[in-house]
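Notes follow the structure.
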Protein chains: 2
Amino acid sequence: MYAVTVPEFKRSLLALRAILEKAEGLVVEKKIEDSVLLQARLAPDQFPLVKQVQVACDNAKGTAGRLAGVELPKMEDNETTLKALKERIDKTIMFLDTLTMEQFEGSEEREIPIYFFPGKALSGLEYVNTLGLANFYFHVTTAYSILRHNGLNIGKTDFMGAVAFHDEKK
Amino acid sequence: MYAVTVPEFKRSLLALRAILEKAEGLVVEKKIEDSVLLQARLAPDQFPLVKQVQVACDNAKGTAGRLAGVELPKMEDNETTLKALKERIDKTIMFLDTLTMEQFEGSEEREIPIYFFPGKALSGLEYVNTLGLANFYFHVTTAYSILRHNGLNIGKTDFMGAVAFHDEKK
């Protein structure tokens, strides 16, 4: 349960951080304000970029933290710059780094109450597979898509981040 | 390994199928050709919708099939209508339904060669966590985003599909 969450969230959040850093270059190049990108969206009733990044961070924090059974650190949703969004990612990764493998033991069986659906629950395994990972990747991908749509020169490898391939055994 | 792949791919592909069905309504309402949506993209150098759906299907098929250690059924990339894309999803789900839990036993340790990176490999666990799920959700989310950007009235619940919440134990 630790392996399917903490290292993957970190890999993906670091990739998102690097994408936001590239976006800082776009802001300079196009002579625009950060807020143009932070408030960009793909549909009028969709969350803008700033919220996509905030929710991706909260999905990572909430999924890993609930499985580990620890209290979730509160974070204000007050970012107004790309730099502040990168710091939000840094704070989220610092929280993930406090979690230990031992805290996740048995969490696949543990009942996780669903905060947005009072009275309902999922097992830890269902929770991570169905809600945790899908929601997290949904918001990271949407943040990526908003920036790509706004002219940022990124591709799939930017989304994937660092994958630790090893040499094939013969 | 079965639980983190087959049922989640099915849930998400069925959600994507329902989204494509909604898109058939948009085609009628706007009096446009299916091809307008199938060729839509969010950036000039991005895969259009048709390819996003094809790759999402192939990610599900390839990830689950490689972990199960079975031969992957070939599928032609020749869809030109929303109906044909729904059938591609149906065929992919029919393949997923042939896989058994037993075939996945021990697959977390098994070495999976990376077809796009000759000579490199990942363990089954690394493969599913790092490449399989992230890539799959990336393409499903991008298909969703392309349609939402083109005026389809969809939201997060359309993306999530059917989640089997149970009543919280008191």
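Data overview
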{"read-out": "Shielded by partner chains, region A:137-155 residues - at least 30 Å² of accessible area, 1.4 Å probe, vs chain alone", "value": "A:Tyr137, A:Phe138, A:Thr141, A:Ser145, A:Arg148, A:His149"}
{"read-out": "Overall form of region A:25-65 per C-alpha gyration tensor (a/c, 1.5; a/b vs b/c)", "value": "oblate"}
{"read-out": "Computed FRET value (nearest 0.05) for A:Asn78 with B:Glu29, which takes r as the C-beta separation and R₀ as 41 Å", "value": "0.55"}
{"read-out": "Chain pair A, B: total accessible area buried, heavy atoms, 1.4 Å probe, Å²", "value": "4200 Å²"}
{"read-out": "Förster-model FRET efficiency, 56 Å R0, B:Ala43 and B:Glu105, C-beta, rounded to 0.05", "value": "0.85"}
{"read-out": "Highest-fluctuation residue, A:Thr141, A:Thr100, A:Thr63 considered, GNM on chain A with Cα pairs under 10 Å", "value": "A:Thr100"}
{"read-out": "Prolate/oblate/rounded call for region B:97-170, Cα gyration tensor, a/c under 1.5 rounded", "value": "oblate"}
{"read-out": "Anchor B:Lys74: aspartates and glutamates whose Cα lies under 18 Å away (excluding residues fewer than 8 positions away in-chain)", "value": "B:Asp58, B:Glu87, B:Asp90, B:Asp97"}
{"read-out": "Loop GluC sites (Glu not before Pro), region B:52-135, which have at most 16 other Cβ atoms in a 10 Å radius of their Cβ (DSSP)", "value": "B:Glu71, B:Glu76, B:Glu105, B:Glu109"}
{"read-out": "Area accessible to solvent at A:Tyr2, 1.4 Å probe radius, in Å²", "value": "50 Å²"}
{"read-out": "Modelled FRET efficiency - R0 25 Å, B:Lys91 with B:Ile114, Cβ distances, 0.05 increments", "value": "0.50"}
{"read-out": "Nearest-ten-degree value, helix B:49-68 long axis tilted from longest Cα axis of chain B", "value": "20 degrees"}
{"read-out": "Spatially proximal aspartates and glutamates relative to A:Lys86 (Cα-Cα < 12 Å; intrachain offsets below 8 disregarded)", "value": "A:Glu21, A:Glu24"}
{"read-out": "Percent accessible area from carbon and sulfur atoms, region A:36-170, protein chains only, probe 1.4 Å", "value": "54 percent"}
{"read-out": "Rounded, prolate or oblate (a/c below 1.5 giving rounded, otherwise prolate when a/b exceeds b/c) for the protein assembly as shown by Cα gyration tensor", "value": "rounded"}
{"read-out": "Qualifying trypsin sites (Lys or Arg not before Pro) for region B:12-63 [loop in DSSP, other Cβ within 10 Å: at most 10]", "value": "B:Lys31"}
{"read-out": "Among B:Leu147, B:Leu96, B:Leu72: highest mean-square fluctuation, GNM of chain B, C-alpha pairs under 10 Å", "value": "B:Leu72"}
{"read-out": "Summed side-chain charge close to A:Met75 - residues other than A:Met75 whose Cβ falls under 9 Å, Lys, Arg +1, Asp, Glu -1", "value": "+1"}
{"read-out": "Nearest-ten-degree value, helix B:2-30 long axis tilted from longest Cα axis of chain B", "value": "10 degrees"}
{"read-out": "13 Å beta-carbon shell around A:Tyr144, net charge (K/R +1, D/E -1)", "value": "+3"}
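The values are calculated or read from the model by the stated rules, or taken from the named source; none is laboratory data. Given the structure is predicted, the values throughout are model-derived calculations rather than measurements. Heads up, the Cβs are rebuilt from the backbone with ideal geometry, glycines too, and the neighbour counts pull from every protein chain shown. Heads up: the accessible areas ignore ligands, DNA and RNA and are worked out on the full protein's heavy atoms, side chains in. Shrake-Rupley method; radii C 1.70, N 1.55, O 1.52, S 1.80 Å.
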